[in-house]
Amino acid sequence: MTSTMNISLRATAFLYALATAGVQAAPVDITHDPNLWMNVTSFGEAHWLGNEIHLLSTGNWFLLTKKRYADFTLELEVIVPEVEGEYVNSGILFRAQTRYSAEAESQIAWGYQAEVDPSERAWSGGLYEQSTPRQWLFPLHPERSAPGEHFRENHSPEWTAEKAQAFRAGEWNHYRITAVGPEIRIWLNGVLTTHVTDTHLDEGFIGIQHHGSKGFAETGDTAYTVKFRNITIEEL
């Protein structure tokens, strides 16, 4: 066999390996295009301003991606308003599903939620299961936690002072959520706040939340806006 043939065979093998290897997708910014998002409920407002998405709602509401995701790394920044007499709660939904709610008289979203909690409880970066009986998966709530058989392991079971203090009130907060198979990890401003193994949900929509504002419902004041920016997702 000639050296020319050897080089040709090696080149062919190299190109074949590239073509057949699993190629990891680069992160995609999904902030700017309203066509990538949907509102499945009968309430809630989303406004695209520059590189930000602004949410307002009278009730608990999620703006959802149209695309479903399985394994991914999601990163974004969120800021919740500081308004007198009311704290505005938020969250990031992932592997979300939808169903009709007779109570809401509308479709609603449910699934895993990375918590944005500006209250004195300070559970930002915790893991909640929205609109199911399981509710708080970590930290555990004395009355509203029912993890059940799907909750296999908590790899970082203590809610430490570092975790509780990771959220910065009145500032942009950076979340990173990685879901690979049943393993879920949440970082808040660089602090690993949640690391669990849970088998309940393996794919679904991404959602960003406005928990609802009494002040906005009564006055229409946009001071109750929750803002998101730099939302990127990398499929794994």
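The values are calculated or read from the model by the stated rules, or taken from the named source; none is laboratory data. Values in this document were obtained by computation on a predicted structure and should not be read as measured data. All Cβ positions, even for glycine, are placed from backbone atoms using ideal geometry, and neighbour counts span all protein chains on display.
Among the strands (runs of 3 or more DSSP E) confined wholly to segment 138-236, which include 1 or more residues that are free of Cβ contacts under 8 Å to residues at least 60 places away in the same chain and either crowded, with 18+ Cβ neighbours inside 10 Å or not polar (S, T, N, Q) (or both)?
Working: elements: 151-154, 173-180, 183-188, 191-198, 204-210, 226-235.
Result: 151-154, 183-188, 191-198.
Does at least one position in segment 99-109 carry a residue that is modelled with pLDDT of 95 or more and within 17 Å of Tyr175 (Cβ to Cβ)?
Scanning segment 99-109 turns up no residue that is modelled with pLDDT of 95 or more and within 17 Å of Tyr175 (Cβ to Cβ).
Here's a check for you: in segment 124-170, which residue that is within 18 Å of the chain's Cα centre (by Cα) and of a type in the set (Ser, Thr, Tyr) is farthest from Asn60 (Cα to Cα)?
If we take residues in segment 124-170 being within 18 Å of the chain's Cα centre (by Cα) and of a type in the set (Ser, Thr, Tyr), then Ser124 is farthest from Asn60 (Cα to Cα).
Yes or no, residue by residue, for (1) part of a loop (DSSP other than H, G, I, E, B); (2) among the charged types (D, E, K, R); (3) over 26 Å from Glu235 (Cβ atoms); (4) touching a residue at least 24 places away in the same chain (Cβ under 8 Å):
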residue	(1), (2), (3), (4)
Trp48	no, no, no, no
Leu55	no, no, no, yes
Gly59	yes, no, yes, yes
Phe62	no, no, no, yes
Arg68	no, yes, no, yes
Glu75	no, yes, no, yes
Val78	no, no, no, yes
Phe94	no, no, no, yes
